[in-house]
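Colleague: Here it is, the structure, as structure tokens.
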Amino acid sequence: MFRRIPGTKDILPTEVSVWQQVEVIARAQFKLYNYREIHTPIVEEEALFNRSLGNSAEIVQKQMFLIRREQDAFALRPEATASVVRAYIENSLDKSEGFIKLFYMGPMFRYERPQKGRLRQFHHVGCEVIGSYEPAVDIEVISLADSLLKALSINGYAIQLNSLGCQRDREVFNADLSSRLREQLPRLCQDCQARFEHNILRILDCKQESCKNIIAGLKINLDHLCGDCSAHFNAVTQGLRDIGITFRINPLLVRGLDYYTRTVFEINHPQLGAQDAIGAGGRYDNLVKQLQGPDTGAMGFAFGVERLLLATTLAPQATAPKVVYVISLGEAAKKESSSLLARLRLAGICCDTDYENKSLKGALRKANDLEAGYVVIIGDDELQKGVVMLKDMATGEQKEVSRDNIVTVLQNPKLITHNS
Ligand code: HAM
């Protein structure tokens with residue numbers, strides 16, 4: 001027997017309704033903020049991600065699903081920001097639209113060690129705003145993330161906020177961090193010793209107690225930001241306070257992707273255990289230019305849908321219309337039943353029938369399991385009289401309805417008591 005790859009999931013029919021609710025609610029929220037949906041390919045050139053996320057990013061180093069064919073090197077997308085920026089530039093949206101607000105939903109792939117909330121194929125609901133450096137955009141994006149969570153019936157989350165500053169601030173900060181950590185290097189964990197060389201900022205969010213203590217001793221704050229970046233961050237925090245969004249500034253919040261500049265944020269939920277980030281995002285003011293687009297600012301976020309589902313109180317809903325179940329007894333009735341099914345579907349009535357040659361009793365049991373609203377029974381008697389037997393599954397009442405009238409009657413159940 002084949003089994004699914006660890007870290008991937010089947011979303012079974014019983015679970016799909018919650019997924020659909022997340023999609024419907026998310027689309028409504030994005031629409032409220034006037035964002036438009038974009039779909040990009042699941043597979044892209046590997047180099048797009050290397051260039052965007054950075055060669056030292058853990059995703060690029062260890063987690064890419066790579067496909068190599070002859071000269072080509074492709075990757076299943078580990079995230080969508082790089083793809084959306086690629087699409088923005090490739091389709092000249094910078095020229096036709098300039099400033100643009102986009103959202104997306106879909107599967108992402110990271111070759112991680114699977115655990116609760118950490119999958120190899122997971123789903124993002126996210127957005128990207130391209131074409132502005134304004135702090136008002138940061139405020140809108142974070143407020144949208146907050147209202148999306150509320151709309152999804154998720155409570156008890158915490159928003160952490162930080163500014164990584166501009167490229168120059170990062171260089172100065174990295175150099176300072178390097179000189180302050182150099183003496184402590186032997187006391188850092190193995191991973192952080194490697195990070196010291198390639199990705200020093202990531203040492204700040206190491207989960208090892210010993211590293212955490214060393215970092216706490218450095219008393220890191222936001223003093224290293226230049227005047228412009230500091231003003232930008234103050235405008236963002238003030239704007240968020242003005243619209244009543246609660247957040248905590250965490251100067252140790254760094255993100256695993258190289259493209260971030262200035263504002264970064266992460267949203268955590270206590271119900272999720274070790275993988276407690278339900279979503280994250282930030283500004284990436286250098287990425288569009290870096291991918292050969294115009295020099296323009298951008299900001300976005302992505303939520304992990306599987307993690308949203310661990311935190312939500314949304315319950316599966318029976319949203320499907322009640323099915324009309326057609327039971328035919330005998331070969332001649334089968335023909336009549338298939339033409340009735342076609343007429344019902346043409347009229348937009350959800351219907352089904354038995355394809356397993358069940359007895360009347362078995363077929364009725366099936367109709368019951370399907371929670372059918374009505375059952376239509378066609379046997380030799382009914383065929384001869386030009387009628388069908390209509391059974392209301394809620395009341396158990398049965399009555400004959402003429403074959404010509406059955407579609408109209410099922411379209412207007414009120415007619416059932418008067419019309420037969
Ligand atoms: P990210 O933090 O890598 O950011 O992913 C965003 C969210 O995706 C995480 O907070 C988490 O909820 C979910 N996630 C990540 N990896 C996994 C996994 N292996 N299994 C399940 N869920 C996962 C980004 O991807 C950025 N593109 C976000 C962004 C958009 N920044 C700016 N614009």
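Colleague: Give region 140-173 a look and list any residue that's among the basic types (Lys, Arg) and more than 17 Å from residue 205 (Cα to Cα), or say none. Walk me through how you get there before you give the answer.
Modeller: At the first step, the residues of region 140-173 found to be among the basic types (Lys, Arg) are 150, 168, 170.
Once the filter is applied, which keeps residues that are among the basic types (Lys, Arg) and more than 17 Å from residue 205 (Cα to Cα), region 140-173 yields 150, 168.
Colleague: While we're here: With the structure loaded, tell me whether residue 143 is within 16 Å of the ligand (Cβ to nearest atom), modelled with pLDDT of 95 or more and among the small types (Gly, Ala, Ser) or whether it fails that test.
Modeller: So residue 143 fits the description; yes.
Colleague: What residue, of 236, 264, 288, 254, is in a loop (DSSP other than H, G, I, E, B), within 32 Å of the chain's Cα centre (by Cα), within 16 Å of the ligand (Cβ to nearest atom) and of a type in the set (Val, Ile, Thr)?
Modeller: Testing whether each residue is in a loop (DSSP other than H, G, I, E, B), within 32 Å of the chain's Cα centre (by Cα), within 16 Å of the ligand (Cβ to nearest atom) and of a type in the set (Val, Ile, Thr) leaves just 254.
Colleague: Identify the residue in region 320-334 that is surrounded by 15 or more Cβ atoms within 10 Å (Cβ to Cβ) and not basic (Lys, Arg) and, among all such residues, is farthest from residue 400 (Cα to Cα).
Modeller: Selected residue: 323.
Colleague: Next question. Given 283, 248, 255, which one is under 15 Å from residue 160 (Cα atoms) and touching a Lys or Arg at 6+ places or on another chain (Cβ under 6 Å)?
Modeller: After ruling out the rest, the residue left standing is 283.
Colleague: Residue 84 versus (1) more than 30 Å from residue 202 (Cβ to Cβ); (2) crowded, with 18+ Cβ neighbours inside 10 Å: which is the lone unmet condition?
Modeller: Evaluating residue 84 over (1) more than 30 Å from residue 202 (Cβ to Cβ); (2) crowded, with 18+ Cβ neighbours inside 10 Å leaves (1) as the failure.
Colleague: Take the residues in region 353-373 that are among the polar types (S, T, N, Q) and part of a loop (DSSP other than H, G, I, E, B), then tell me which one is nearest to residue 394 (Cα to Cα).
Modeller: First pass over region 353-373, keeping only residues among the polar types (S, T, N, Q): 353, 357, 359, 368.
Subset that is part of a loop (DSSP other than H, G, I, E, B): 357, 359.
Values: 357: 25, 359: 21 Å.
Filtering first and then ranking leaves 359.
Colleague: Within region 75-95, is there a residue that is near the ligand (Cβ under 9 Å from one of its atoms), of a type in the set (D, E, K, R), closer than 22 Å to residue 8 by Cβ and in a strand (DSSP E or B)?
Modeller: no
Colleague: Can you say whether residue 394 is within 21 Å of residue 414 (Cβ to Cβ) and surrounded by fewer than 14 Cβ atoms within 10 Å (Cβ to Cβ), as far as the supplied structure shows?
Modeller: Answer is yes for this residue.
Colleague: May I pose another question? Please go through region 1-17 and give me each residue that is away from the ligand (no atom under 14 Å from the Cβ) and more than 16 Å from the chain's Cα centre (by Cα), ordered by number.
Modeller: 1, 2, 3, 4, 12, 13, 14
Colleague: Looking at region 1-26 only, could you name the residues that are among the basic types (Lys, Arg) and free of Cβ contacts under 8 Å to residues at least 24 places away in the same chain? Reasoning before the result, please.
Modeller: Of all residues in region 1-26, those among the basic types (Lys, Arg) come to 3-4, 9.
Result: 3, 4.
Colleague: Quick test for you: out of 375, 409, 387, pick the one residue that is in contact with a Leu (Cβ under 6 Å, 6 or more places away or on another chain) and either surrounded by 13 or more Cβ atoms within 10 Å (Cβ to Cβ) or under 20 Å from residue 323 (Cβ atoms) (or both).
Modeller: 409 is the lone residue from the list that is in contact with a Leu (Cβ under 6 Å, 6 or more places away or on another chain) and either surrounded by 13 or more Cβ atoms within 10 Å (Cβ to Cβ) or under 20 Å from residue 323 (Cβ atoms) (or both).
Colleague: Taking region 267-285 as the search range and keeping residues that are more than 8 Å from the ligand (Cβ to nearest atom) and hydrophobic (A, V, I, L, M, F, W, C), which one is surrounded by the fewest Cβ atoms within 10 Å (Cβ to Cβ)?
Modeller: Ranking the candidates gives 274 first.
Colleague: Run down 99, 49, 74 and say which single residue is free of Cβ contacts under 8 Å to residues at least 40 places away in the same chain and under 21 Å from the mean Cα position of the chain (by Cα). Explain how you work it out, then say what you get.
Modeller: On the way: 99 fails: under 21 Å from the mean Cα position of the chain (by Cα); 74 fails: under 21 Å from the mean Cα position of the chain (by Cα).
That would be 49, the only listed residue that is free of Cβ contacts under 8 Å to residues at least 40 places away in the same chain and under 21 Å from the mean Cα position of the chain (by Cα).
Colleague: Under 6 Å between Cβ atoms, which residue pairs at least 6 apart in sequence (or on different chains) link something in region 287-300 that is more than 11 Å from residue 88 (Cβ to Cβ) with a partner that is of a type in the set (A, V, I, L, M)?
Modeller: 299/129; 299/137; 299/141
Colleague: Using the structure shown, decide if residue 337 is surrounded by 18 or more Cβ atoms within 10 Å (Cβ to Cβ) and out of contact with any Lys or Arg (no Cβ under 9 Å at 6 or more places or on another chain).
Modeller: Here the answer is yes, as residue 337 does meet what is asked.
Colleague: Moving to a separate point now. Please work out which one of (1) surrounded by 14 or more Cβ atoms within 10 Å (Cβ to Cβ); (2) in contact with an Asp or Glu (Cβ under 8 Å, 6 or more places away or on another chain) is the condition residue 35 fails and give its number.
Modeller: Unmet for residue 35, out of (1) surrounded by 14 or more Cβ atoms within 10 Å (Cβ to Cβ); (2) in contact with an Asp or Glu (Cβ under 8 Å, 6 or more places away or on another chain): (2).
Colleague: Given the conditions (1) assigned to a helix (DSSP H, G or I); (2) within 46 Å of the chain's Cα centre (by Cα); (3) surrounded by fewer than 18 Cβ atoms within 10 Å (Cβ to Cβ), and given that residue 381 satisfies all but one, which numbered condition is not satisfied?
Modeller: Looking at each condition in turn, residue 381 falls short on (2).
Colleague: Do we find a residue being assigned to a loop (DSSP other than H, G, I, E, B), farther than 20 Å from residue 263 by Cβ, in contact with a Pro (Cβ under 6 Å, 6 or more places away or on another chain) and away from the ligand (no atom under 14 Å from the Cβ) anywhere in region 296-315?
Modeller: no
Colleague: Would you confirm, using the coordinates I've provided, whether residue 43 is without any contact (Cβ under 8 Å) to a residue 12 or more places away in the chain and within 20 Å of the chain's Cα centre (by Cα)? First the steps, then the outcome.
Modeller: Numbers: without any contact (Cβ under 8 Å) to a residue 12 or more places away in the chain: no; within 20 Å of the chain's Cα centre (by Cα): yes.
Taking the combined requirement at face value, the residue does not satisfy it.
The values are calculated or read from the model by the stated rules, or taken from the named source; none is laboratory data. Computed from a prediction, not measured in an experiment: that's the story for all the values here. Neighbour counts are summed over all protein chains in view; Cβ atoms, including those assigned to glycine, are modelled from backbone coordinates with ideal geometry.
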